[in-house]
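For reference, the structure is listed below as structure tokens.
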Amino acid sequence: MAAIGRFQKGDEVFYAKVVDGELFRLRGDVFGSPSFDRKPTPIRGLRTLTPMQPSKVIAVGLNYADHARETNKALPKEPLFWFKATTSLLPDGGKIEIPFPNHRVDFEAELAIVIGRRVRNVAPAAAARYIFGYTAAQDISDRNIQASESQWCRCKSFDTFCPLGPYVETKIDPHNLTIQLFQNGQLRQNSNTSQMIFNCFHLVSFISTNMTLLPGDIILTGTPSGIGPIESADRLEVRIQGLNPLCNTVK
């Protein structure tokens, strides 16, 4: 497998491998040993969905030192994480909705881990065996609410506040990838996943000591510096090396 997406045509939803813009339907369990059609599926009338339907979305905060500095927060001694509502998921091409126009709402480009096997209490050295792949994401955040509350679930869980996709890349090393966000064509965030305080394998290990992770679960690995506000009609593009870009607009 390489890039895997989830698509809809009419009432039918299916997974497919994406090769040079063509889709080859997946047969069997996406997390097992699937096969793929030899002939591509016609793309006319297809809609790209979020690549997974997770039981939970886990977001990690302050995982880049430069982002901690720009927010005037101390570096965490262990990963700081919380849940984002699964109803906040938004596919590539979808529109981000700002619920309170008078609030500051920020973009945050992130690399997302997709879990491939049920896992509990895994060591960092073995964590890669339980990872299905990686995709691009955003952790959209209402800063007014975030500043007024001690926990961050509400400010980050509004509908459309978790753009994800478009596909899951199953063959990539996550530890040295450029990560960028462009707002209306202007580069706003520009870093590398090597700058994470806790790398992807450490995050899967740590989180799995606190809860069971299930196939399809999503872990957002944190954002680098350069966060900024979004406005209606903005076009946001997350570009992560080796992944297809994630593009969304603001309603």
Exercise. How much length is gained on full extension from M211 to R44, taking 0.36 nm per residue of separation minus their Cα-Cα distance?
Worked result: 56.0 nm
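Quick check: residue separation of Q195 and Q8 times 0.36 nm, minus the Cα distance between them. What number comes out in nm?
Taking 0.36 nm per residue and subtracting the Cα distance, the gain is 63.7 nm.
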For this session: Run the numbers on the chain and let me know its relative contact order in percent, using alpha-carbon pairs under 8 Å that are six or more apart.
Result: 26
Exercise. Length gain on complete extension for the stretch D29 to A123, per 0.36 nm per residue less the alpha carbon to alpha carbon distance?
Worked result: 31.2 nm
For this session: Determine, from the Cβ-Cβ distance of E231 and A74 and an R0 of 30 Å, the FRET efficiency 1/(1 + (r/R0)^6), rounded to the nearest 0.05.
Result: 0.45
For this session: Would you mind checking which residues have amide H under 5 Å from I131's amide H? H placed 1.01 Å from N; only 5 or more apart, or other chain.
Result: G116
Seminar exercise, completed: Around F182 (Cβ within 13 Å, Cβ-to-Cβ, excluding F182; K/R +1, D/E -1) the net charge comes to +1
Exercise. Got a sec to turn the phi values of region 36-47 into Karplus ³J(HN,Hα) couplings, 6.51 cos²θ - 1.76 cosθ + 1.60 with θ = phi - 60°, whole Hz, x for Gly and Pro?
Worked result: 9, 4, 7, 9, x, 8, x, 8, 5, x, 7, 10
Seminar exercise, completed: For the chain, Rg(Cα) over 2.2 N^0.38 Å is 0.97
Seminar exercise, completed: Using the Kirkwood formula on alpha carbons, the hydrodynamic radius of region 1-92 in angstrom works out to 16.0
Problem set entry | Largest-first ordering by accessible area, 1.4 Å probe, given options D37, D142, D173 | D173, D37, D142
Exercise. Using helices alone, what [θ] at 222 nm do you get for the chain, with -39,500 (n - 2.57) per DSSP H run of 4 or more residues, divided over all residues and rounded to the nearest 500?
Worked result: -2000 deg cm²/dmol
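The values are calculated or read from the model by the stated rules, or taken from the named source; none is laboratory data. In this text the structure is predicted, and so the values were computed from the model without any measurement. For neighbour counting, all protein chains shown are included, and Cβ atoms are generated from backbone atoms with ideal geometry for every residue, glycine included. Remember, those area values only see protein heavy atoms, side chains included, never the ligands or the DNA or RNA. Shrake-Rupley method; radii C 1.70, N 1.55, O 1.52, S 1.80 Å.
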